[in-house]
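What follows is a single structure, written as structure tokens, with notes after it.
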Amino acid sequence: MTRVAALAFLLAGLCYAAWVPLQFLNPGVDSSLAYLSELAAADQPWSWLVRLADVLAGTACLAGVALAPDERPGRAGAAGWLGLALFGAMTVLDAGVFPLDCAVLSEPACAAAEAAGRLSASHTLHAAVSSLALAGAGLSLVALPVSALRRRRWPSLVYGGAVLAVLMAVATVWTLTLVAEAGGSAVPVGLAQRFQVGIVALWLLLVGAALWRDRTRAVPQKSHVLLQGAGTPVVVCAGMAGAWFHWDRVAEDLGADHLVIRFDRPGLGLSSGHPGPPSLTEEAERIAALARRPVVVGHSVAAFHAEAFARLNPGRVAGLVLVDPSCEPNLGRGSGTRAAAVRAVQGVLPALGGTFGATALARLLLPPAHRLLMGAHERAGAVYGRGRVLAAALAEWLAYPDMAAELGELRRTHPLPPVPVVVLSAGDDDPCHRDLARLLGARLVPLPASGHEVQLDRPEAIAEAVRTLGVAGH
């Protein structure tokens with residue numbers, strides 16, 4: 001993804017510098033006295049080609065920002081990438097939505113119409129949008145070198161960015177001074193503006209080159225596991241996209257007489273990013289690695305994991321508590337076309353989870369979604385504001401049909417060992433939960449006053465279910 005981001009920035013820099021050859025297609029716009037944006041004015045020849053180059057530059061810049069590596073860049077790094085995102089978005093609007101109506105400094109009639117206020121809103125807004133684009137580029141020119149210096153990364157951005165930042169400041173002051181003096185007199189405002197835009201194009205190329213030469217650093221894989229209490233081991237498996245802290249109240253209750261083992265699956269909570277699509281076999285192995293003969297508590301889709309562990313490890317499970325389990329009456333696989341499409345998406349999700357765009361999207365969407373669905377929590381913002389969590393959650397959602405099909409196959413080939421099982425069914429009476437309890441020989445416990453997040457609504461019910469299994473201490 002870093003290489004793709006590098007190519008995007010290199011393309012953005014080349015497209016943003018396309019005015020150099022394109023200006024020779026329109027000799028009517030003076031290259032030293034007229035604004036550069038007059039080449040893209042709606043009434044000028046070849047303006048569509050100039051605007052297309054700028055739209056491509058802005059779009060490529062946005063793609064580069066989205067795919068840039070997110071390795072805790074800090075506030076300066078985040079500000080730098082957001083500055084480039086602002087530049088990209090405003091450049092697209094500048095060229096694609098708000099071009100000039102006519103060439104103001106090249107055509108006296110256009111200047112008169114502008115002074116009389118007879119031009120369109122697009123013409124009027126053009127200057128503001130262009131200024132925002134250059135402001136975003138200027139912000140990135142300062143912030144990204146500062147971030148690279150602090151992280152001792154990308155030395156070319158540190159030194160090259162510092163030089164370009166000074167030149168950008170000089171070019172901006174020069175351009176603003178000449179624009180203020182223009183008023184119909186022959187001043188080289190076009191030359192100053194072209195110098196300014198040329199610096200931005202060089203900056204985009206420099207960012208692309210730095211990313212292209214970047215070497216991916218090996219990140220040690222880390223699994224977050226939390227142990228609490230002593231006694232019979234209880235392994236807690238959170239539902240889809242869940243984290244360890246959602247089970248604090250359950251662990252506090254059970255920790256008085258049990259060893260409660262909580263963990264975050266790859267990519268979720270505080271564990272490292274997921275290496276590939278999740279599967280029932282891998283989840284069963286993960287549970288097996290945590291305790292020798294535990295009671296397994298599986299919430300929602302993690303009930304699939306708990307049941308698979310019991311069927312694959314019949315001598316290593318003491319009991320199951322399935323908390324408002326996911327329940328599928330028809331456990332069949334989807335079509336081959338869907339499976340191929342899902343595998344293609346799953347193949348790139350781990351890499352996408354490490355990008356700046358994924359982190360920005362996660363911070364925008366996941367913490368508000370958590371507050372809406374599960375309430376506020378002091379850890380939610382830090383945990384769910386990470387791109388890898390968004391990627392892992394999406395990977396689990398995409399893998400759900402395949403894991404359901406895997407469970408269906410296990411039910412046909414691996415009998416459930418004779419261990420106690422409790423099914424906690426939240427909300428209204430669920431026929432699927434009744435059928436599941438009969439299939440597993442389980443005790444069905446309805447919880448009509450609880451929502452799906454039983455661990456938050458009724459933590460005592462989960463603790464009671466574990467204790468009533470009657471499993472001896474180990």
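Touching a helix residue (DSSP H, G or I) at 6+ places or on another chain (Cβ under 7 Å) and more than 18 Å from His246 (Cα to Cα), is that true of Leu444?
Against the criterion (touching a helix residue (DSSP H, G or I) at 6+ places or on another chain (Cβ under 7 Å) and more than 18 Å from His246 (Cα to Cα)), Leu444 qualifies.
Output the qualifying pairs, or none if there are none: Cβ atoms under 6 angstrom, residues six or more apart or on different chains, first residue in the stretch 94-119 and without any contact (Cβ under 8 Å) to a residue 40 or more places away in the chain and closer than 20 Å to Tyr16 by Cα, second residue of a type in the set (A, V, I, L, M, F, W, C) and surrounded by fewer than 15 Cβ atoms within 10 Å (Cβ to Cβ).
If the second residue must be of a type in the set (A, V, I, L, M, F, W, C) and surrounded by fewer than 15 Cβ atoms within 10 Å (Cβ to Cβ), the pairs left are Phe98/Leu125.
Condition (residue is crowded, with 22+ Cβ neighbours inside 10 Å and at pLDDT 95 or above) applied to the stretch 275-282: is it met by at least one residue?
Within the stretch 275-282 (the criterion being crowded, with 22+ Cβ neighbours inside 10 Å and at pLDDT 95 or above), the answer is no, since none of the residues qualifies.
Please go through the stretch 244-265 and give me each residue that is assigned to a loop (DSSP other than H, G, I, E, B) and surrounded by 24 or more Cβ atoms within 10 Å (Cβ to Cβ), ordered by number.
Across the stretch 244-265, the qualifying residue is only Arg265.
Would it be correct to say that Val104 is touching a Cys at 6+ places or on another chain (Cβ under 6 Å), of a type outside the set (Ser, Thr, Tyr), in the same structural domain as Ala128 (by TED's automatic domain parsing) and buried (at least 20 other Cβ atoms within 10 Å of the Cβ)?
For Val104, the condition - touching a Cys at 6+ places or on another chain (Cβ under 6 Å), of a type outside the set (Ser, Thr, Tyr), in the same structural domain as Ala128 (by TED's automatic domain parsing) and buried (at least 20 other Cβ atoms within 10 Å of the Cβ) - is met.
Just checking: which of the helices (runs of 4 or more DSSP H) contained wholly in the stretch 349-460 hold 3 or more residues that are over 34 Å from the mean Cα position of the chain (by Cα) and farther than 27 Å from Ser271 by Cα?
387-413, 431-440
Scan the stretch 289-303 for residues that are in contact (Cβ under 8 Å) with a residue 12 or more places away in the chain, farther than 18 Å from Glu453 by Cβ and within 31 Å of the chain's Cα centre (by Cα) and report the count.
1
Name the one entry in Pro329, Pro325 that is within 30 Å of the chain's Cα centre (by Cα), in contact (Cβ under 8 Å) with a residue 60 or more places away in the chain and not in a strand (DSSP E or B).
Pro325
The rows are residues; the columns are (1) under 30 Å from Arg292 (Cβ atoms); (2) in contact (Cβ under 8 Å) with a residue 24 or more places away in the chain.
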position	(1), (2)
Thr124	no, no
Ala162	no, no
Met168	no, yes
Thr175	no, no
Ala192	no, no
Val197	no, yes
Ser223	yes, yes
Leu227	yes, yes
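Filtering the stretch 156-181 down to residues that are surrounded by 18 or more Cβ atoms within 10 Å (Cβ to Cβ) and among the aliphatic types (A, V, I, L, M), which residue is farthest from Leu139 (Cα to Cα)?
Among those that are surrounded by 18 or more Cβ atoms within 10 Å (Cβ to Cβ) and among the aliphatic types (A, V, I, L, M), it is Leu178.
May I ask you to verify whether Ala127 is surrounded by fewer than 18 Cβ atoms within 10 Å (Cβ to Cβ) and assigned to a helix (DSSP H, G or I)?
Judged against the criteria, Ala127 is a match.
Testing Gly28 on (1) touching a Gly at 6+ places or on another chain (Cβ under 8 Å); (2) outside any helix (DSSP H, G or I), one condition comes back false. Which one is that?
Looking at each condition in turn, Gly28 falls short on (1).
Given (1) modelled with pLDDT under 95; (2) out of contact with any Leu (no Cβ under 6 Å at 6 or more places or on another chain); (3) assigned to a helix (DSSP H, G or I); (4) among the β-branched types (Val, Ile, Thr), where does Val219 come up short, assuming only one miss?
Of everything listed in (1) modelled with pLDDT under 95; (2) out of contact with any Leu (no Cβ under 6 Å at 6 or more places or on another chain); (3) assigned to a helix (DSSP H, G or I); (4) among the β-branched types (Val, Ile, Thr), Val219 misses just condition (3).
Tell me which of these Ala89 doesn't satisfy, since it passes every other one: (1) under 21 Å from Pro99 (Cα atoms); (2) in contact with a Phe, Trp or Tyr (Cβ under 6 Å, 6 or more places away or on another chain).
The one condition Ala89 does not meet is (2).
State which residue pairs qualify: first residue over 24 Å from Cys15 (Cα atoms) and inside the stretch 57-85, second residue of a type in the set (S, T, N, Q) in any location, beta carbons under 7 Å apart, and separation of 6 or more residues or different chains.
Within 7 Å, the pairs are Asp70/Thr355; Asp70/Thr359; Pro73/Ser147; Gly74/Ser147; Ala76/Ser147; Gly77/Ser147.
The values are calculated or read from the model by the stated rules, or taken from the named source; none is laboratory data. In this text the structure is predicted, and so the values were computed from the model without any measurement. Glycine also receives a Cβ, built like all others from the backbone with ideal geometry; neighbour counts cover every protein chain displayed.
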